[in-house]
Amino acid sequence: MTEQTKERNLEKYRRMLRIREFEATAEAIHAAGEIPGSLHTYTGQEATGVGACMALRDDDYMVGNHRSHGHPIAKGATLRPLMAELLGKVTGVCKGKGGSMHLADFSIGSLGETSIVGSGIPVAAGAALGSKLQGNDRVTLCFFGDGATNEGAFHEGLNLAAIWKLPAIFVCENNGYAVSTPASAVVPLANIADRGKAYGIPSFVVDGQDVDAVEAAVAAAVELARGGGGPTFLEMKTYRYADHAVNMGRVLLDRGEEVDEWRKRDPITLYRKQLIDSGVAADVLDRIDHEAKVAVADALQFARDSDYPDQLEAFDDVFSERLPIPDFLSQ
Ligand SMILES: Cc1ncc(C[n+]2csc(CCOP(=O)(O)OP(=O)(O)O)c2C)c(N)n1
Ligand SMILES: [Mg+2]
């Protein structure tokens, strides 16, 4: 293994650990009342985000969804503004006005997310169309869940990408459920990848627990898209350990021993073993683990120390005309 490959592998491990630690911390402080609203954790799905983003260039675009804390971290975002955004602070990546489901960070090509399931797919097609019209070679990668593939926006977005041969990569993170509905109950196919094939898009099933397999599949898709060959659809088989979201009311779903079964193929445990088998010393990995904890603790401290936005700025940075500030706010 070359030194460059080793460094790259350690970076994948580092980003997966950062996501896991970030999510554990977010869940804990949410329970303590420090984060308003709901929180959809990404724990268990780290390899799909990290493998995919490691195959992108820094200036490539990425579009996420409601379960997207992990995606910007996977693309290399700094943690402080992300954590501050979760806490609604002015130092947040969207100045505290977006929150958990709106972590847009243009500095790393993250075009953002929305809570409307499937809505990122036509946005990604639009970004890819923009690159094509501008004649640059940026690609756009879009993350969405299995549930999103039942939305009209999915089908419209894929069709446009196919007929216009857009430089887009569609990554379906099939974690088996949409809230409490099993994918098997609403998708009459063994593989959601078959939906991409129906649009004439090269489509593949990928082991979403294997970060190297994910990276290789996305790298091939990137090469095709950059070379003008059009979109690829990748279905990543993965799993979320936690409930759909915290603070949305307990969704009654007994997954039995399924969670434990998936934990046996935990993406971080698997990768750690793989790295050790390839000759990486355990203490090198332990140090990365420790650094991830320190980085997330630092981000949390930064977020806690930051101010809330001034309420007079509520109408800044929005597309609509500025509304008159009500008297009770301006006093
Ligand atoms: C258009 C729309 N329909 C329904 C919802 C409510 N909702 C929020 S998340 C979600 C499930 C999405 O499942 P999936 O796409 O598989 O993503 P996952 O949560 O599993 O990552 C639903 C139905 C919504 N936000 N938007
Ligand atoms: Mg799902």
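Each value in this text was obtained by applying a stated rule to the coordinates, not by laboratory testing. Owing to the predicted nature of the structure, the values given are computational and were not obtained by experimental measurement. Glycine also receives a Cβ, built like all others from the backbone with ideal geometry; neighbour counts cover every protein chain displayed.
Amide H contacts under 5 Å for Leu39: Val246, restricted to partners 5 or more places along the chain or on a different chain, H placed in the peptide plane at 1.01 Å from N. Which lysines have a Cα less than 20 Å from the Cα of Lys132, not counting those fewer than 8 places away in the same chain? Output for Lys132: Lys165. The alpha-carbon of Lys95 sits under 18 angstrom from the alpha-carbons of these aspartates and glutamates, leaving out residues fewer than 8 places away in its chain: Glu34, Glu85, Asp105, Glu113, Asp305, Asp307, Asp310, Glu313, Asp316, Asp317. Quick check on segment 123-255: take the gyration tensor over C-alpha atoms, sort the square-rooted eigenvalues as a ≥ b ≥ c, and tell me if it's rounded (a/c under 1.5), prolate or oblate. Verdict is prolate for segment 123-255. Ordered by the count of other Cβ atoms within 10 Å of each Cβ, fewest first, Thr2, Thr91 give Thr2, Thr91.
Each peptide in 167-176, 215-224 was scored by the mean count of other Cβ atoms within 10 Å over its residues; highest first, the order is 167-176, 215-224.
Peptides 45-54, 96-105 ordered by packing proxy, namely the average of other Cβ atoms within 10 Å per residue, highest first: 45-54, 96-105.
Taking the simple approach of a point 7 Å from Cα along Cα-to-Cβ for both Ala314 and Ala242, what is their distance in nm? Inter-label distance under the simple model: 2.8 nm.
Any of Lys75/Lys237; Lys97/Lys237; Lys12/Lys75; Lys273/Lys293; Lys197/Lys237 with alpha carbons more than 22 Å apart? Name them for me.
Numbers: Lys75/Lys237 20 Å; Lys97/Lys237 33 Å; Lys12/Lys75 10 Å; Lys273/Lys293 20 Å; Lys197/Lys237 17 Å.
Those over the limit are Lys97/Lys237.
Once the C-beta distance of Ala190 and Asn159 is scaled by a Förster radius of 22 Å, the resulting FRET efficiency is 0.45 to the nearest 0.05. Adding -39500 (n - 2.57) for every DSSP H run of four residues or longer, then dividing by how many residues the chain holds, sets the calculated 222 nm ellipticity at -13500 deg cm²/dmol.
Could you tell me the calculated FRET efficiency between Ile116 and Asp305, based on Cβ-Cβ distance and R0 = 51 angstrom, to the nearest 0.05? It would help to have the intermediate numbers written out before the result.
Values: r = 33 Å, r/R0 = 0.64.
Efficiency, rounded to the nearest 0.05: 0.95.
Kirkwood Rh and Cα-based Rg: tell me the resulting Rg over Rh for segment 174-331, rounded to two decimals. Don't jump to the answer; show the numbers that get you there.
Numbers: Rg = 22.6 Å, Rh = 20.8 Å.
Result for segment 174-331 is an Rg/Rh of 1.09.
For segment 3-303, the Kirkwood radius over C-alpha pairs fed into Stokes-Einstein at 10 °C and 1.306 mPa s yields D = 83 µm² per second.
With both residues required to sit in the chain, DSSP beta bridges show an antiparallel share near 15%.
Contact order, relative form, for segment 3-303: 23 percent (alpha carbon pairs under 8 Å, 6 or more residues apart, mean separation divided by residue count). Distance between the pseudo-spin-label points of Lys97 and Leu133 (7 Å out from Cα toward the beta carbon): 2.5 nm.
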